[in-house]
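Read-outs throughout are calculated quantities, based only on the coordinates presented, and are distinct from any laboratory measurement. No experiment lies behind these values; they were computed from the predicted model shown. Cβ coordinates were reconstructed from backbone atoms using ideal geometry, including for glycine residues, and neighbour counts include every protein chain displayed.
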Amino acid sequence: MEGGLKPDTSRWVVIYPIYINSKKTLAEGRRISALKACENPNVVEIGDCCQYLRLPCAIELDKAYSRDFMQRGRVRVQLKRDDGSLVNPAIPTRKALFLKVAELVPKHHGRSKKQEQSGSASGPSGAPAPKGKGNKKKK
């Protein structure tokens, strides 16, 4: 930040990507409804969404989720200033933050390119050929 001073992030809200991942269960750590969650978010996308919402954030790539240490990275986000006032009045709670970030991640500019590339690899019709008895050649 300004002047080389690092803000005290210990009181900031932590977001692990698992918290908003629709592919995970509540037991695995998802914190919001699967319908409102997004598919496989990463810390860079979450950080970009927080910056878009004008919330100070810090990406910590070296940290791991305690329930699954293979999940690397987390984002710390400042919701309230030191005097207790909200940084962004539209986001008063951590749950509101999770929901808003999960809504924004699928619209992330880096995500649309990934989906276009993976969509063209499935074939000309866009769907793989069906398997089973219905795929036999007729004589």
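Of all residue pairs spaced 6 or more apart or on separate chains, those with beta-carbon atoms under 9 Å, a first member in the stretch 28-45 that is at negative phi and in contact (Cβ under 8 Å) with a residue 40 or more places away in the chain and a second member that is among the acidic types (D, E) and surrounded by fewer than 19 Cβ atoms within 10 Å (Cβ to Cβ) are E28/D68; K36/E103; C38/E103. With respect to the conditions (1) surrounded by 12 or more Cβ atoms within 10 Å (Cβ to Cβ); (2) among the polar types (S, T, N, Q); (3) within 24 Å of P92 (Cα to Cα), S10 falls short on a single one, namely (1). From the list D83, D68, D48, D62, the lone residue that is acidic (D, E), under 22 Å from G110 (Cβ atoms) and outside any helix (DSSP H, G or I) is D62. Considering only residues in the stretch 57-98 that are closer than 15 Å to G29 by Cα and of a type in the set (A, V, I, L, M), the one that is surrounded by the most Cβ atoms within 10 Å (Cβ to Cβ) turns out to be A64.
Within the stretch 51-62, identify whether any single residue is hydroxyl-bearing (S, T, Y) and touching a residue at least 24 places away in the same chain (Cβ under 8 Å), and answer yes or no. Yes, the stretch 51-62 contains a residue that is hydroxyl-bearing (S, T, Y) and touching a residue at least 24 places away in the same chain (Cβ under 8 Å).
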